[in-house]
1. Just name the residue that is farthest from residue A:102 (Cα to Cα) out of those in region B:1-53 that are within 11 Å of chain A (Cβ to nearest Cβ) and aliphatic (A, V, I, L, M).
2. Can you list residue pairs whose Cβ atoms sit under 7 Å apart, with the first residue in region A:17-28 being of a type in the set (Val, Ile, Thr) and the second being assigned to a helix (DSSP H, G or I)? Count only pairs 6 or more apart in sequence or on different chains.
3. Among the residues of region A:204-213, how many are without any contact (Cβ under 8 Å) to a residue 24 or more places away in the chain and either touching a His at 6+ places or on another chain (Cβ under 9 Å) or not in a loop (DSSP other than H, G, I, E, B) (or both)?
4. Counting only residues that are within 13 Å of chain A (Cβ to nearest Cβ) and free of Cβ contacts under 8 Å to residues at least 40 places away in the same chain, which one in region B:54-82 is most open to solvent (accessible area, probe 1.4 Å)?
5. Considering A:104, A:113, which residue is within 14 Å of another protein chain (Cβ to nearest Cβ) and either open to solvent by 20 Å² or more (accessible area, probe 1.4 Å) or modelled with pLDDT of 95 or more (or both)?
6. Taking region A:90-113 on its own, how many of its residues are touching a residue at least 40 places away in the same chain (Cβ under 8 Å) and in contact with a strand residue (DSSP E or B) (Cβ under 8 Å, 6 or more places away or on another chain)?
7. Take region A:45-74 and flag every residue that is more than 29 Å from residue A:105 (Cα to Cα) and crowded, with 21+ Cβ neighbours inside 10 Å.
8. Considering A:84, A:79, A:54, which residue is out of contact with any strand residue (DSSP E or B) (no Cβ under 8 Å at 6 or more places or on another chain), more than 14 Å from chain B (Cβ to nearest Cβ) and over 15 Å from residue A:143 (Cβ atoms)?
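The values are calculated or read from the model by the stated rules, or taken from the named source; none is laboratory data. From a predicted model like this one, the values you see are computed outputs, not experimental measurements. Cβ coordinates were reconstructed from backbone atoms using ideal geometry, including for glycine residues, and neighbour counts include every protein chain displayed. Protein only, heavy atoms only, side chains kept; ligands, DNA and RNA dropped before computing areas. Shrake-Rupley method; radii C 1.70, N 1.55, O 1.52, S 1.80 Å.
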Amino acid sequence: MKFGIVVLPGSNCDHDALHVTRNILGAEAEVLWHKDTDLKGVDCVILPGGFAYGDYLRAGALAKFAPIMEPIRRHAASGGLVFGICNGFQVLTEVGLLPGALMRNAHLRFASRDIDLRTEQTDTPFTSELSAGQILRMPIAHGEGNYFADDAMLDDLERNRQIVFRYCDREGRVISEANPNGSARNIAGICNRERNVLGMMPHPERCSETLLGNADGLGVFKSIAASLARV
Amino acid sequence: MKATVIVELKGSVLDPQGKAIQHSLASLGFPGVEDVRAGKLFRITLADSGQPRPEVERQVRQMCEKLLANTVIENFSYTLEE
C-alpha cells in the first residue's frame with residue numbers, strides 16, 4: 001500500500017499529508033513532483049492543500065497543465081484512488097475529475113477555523129471506516145470553498161449519492177448557519193460517480209493525531225488504508 | 001492581431017464580489033447603482049501568423065474554453081482587431 005503526495009509549485013500541506021500517511025498511518029508514502037510523468041506505483045494519489053501556481057487566474061486552473069496530471073487522469077480512469085484536499089479539491093474540479101466548481105466564499109473573507117461535518121456516505125473507499133451520520137470536527141482554511149453546481153447537477157449528485165460530507169452544526173443538523181462559505185446544499189466534499197475520486201475542503205491531515213488535540217481526520221486515512229488492504 | 005477576452009460569471013451564478021462593490025459605491029454616495037457584476041478582461045497579442053481570421057477566432061475560442069474561463073460558472077466573449 002503506497003500513497004503518493006503531489007507537490008505542485010505552491011502546495012503547502014504536502015508535508016502534513018506525508019507525515020500522516022507515513023508516520024501516523026504507518027504506510028509507505030512518496031512525494032510526486034509536478035514535473036514527474038509517472039506515479040511510481042502509488043495506489044492512492046493525494047493532491048494536498050496550498051496555492052498551486054499562486055491560484056493565478058482561478059484556484060486550481062493552472063495546475064491542470066502540470067505534467068503529473070496526465071498519469072493522475074489515467075490512474076483515476078482505471079479505478080485508482082485520488083484524494084484532493086482543499087486546493088487539491090479545487091484542482092480536481094478544474095481538471096474535470098469532479099463536477100462543479102469552487103467559488104469565492106460568499107462572505108468574501110478567508111475562513112480559517114474549526115467546523116463540523118456530517119458523514120453522508122460510508123460506501124466510498126475514503127469513508128468506509130466511518131459510521132453513517134458521524135460528525136467530524138475539522139479545520140478549514142480557504143478563500144474559495146464555495147461549492148457551486150447548477151440545480152440539475154446538484155440533483156444528480158444527490159441521486160448518485162456523491163455528496164460525501166456536508167457542513168453541519170454540533171448536533172449534526174445541516175443548516176445554513178453551519179455553512180462557512182456559502183456552498184450549495186452545505187457541500188463540503190464530493191466523490192465522482194465511480195467513487196474512487198474524493199475532493200473535500202476541510203483538512204483531515206491537520207487533525208489526525210491526539211497530540212494535536214483532534215484525531216477526527218484519521219478516520220479518512222484509515223478508510224483509505226482499509227480499502228487498499230482489501231484489493 | 002489583438003484579441004480582447006471578457007470572462008464573467010453566468011447570470012445564474014451569484015456574484016458576492018460584485019454585490020460588495022455595489023454596496024461600496026452606494027456608501028460612497030452613488031445611490032443609483034442597481035447592480036454590479038465583476039469579471040476579468042484579457043488583452044492578448046497574437047503573432048502575425050498569416051492565418052485566416054476564422055482560424056484565429058477558433059484558436060481564441062479554444063483558449064477561452066480550455067483555460068481563460070471555467071465554463072461551469074463563467075461565460076466568455078471576445079473581439080479581434082488588426
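1. The residue in question is B:21.
2. A:20/A:205; A:20/A:221; A:21/A:221; A:24/A:218
3. Count: 3.
4. Residue satisfying both the conditions and the ranking: B:66.
5. Answer to the check: A:104.
6. Residues flagged as touching a residue at least 40 places away in the same chain (Cβ under 8 Å) and in contact with a strand residue (DSSP E or B) (Cβ under 8 Å, 6 or more places away or on another chain) within region A:90-113 amount to 16.
7. none
8. Every option except A:79 fails the conditions.
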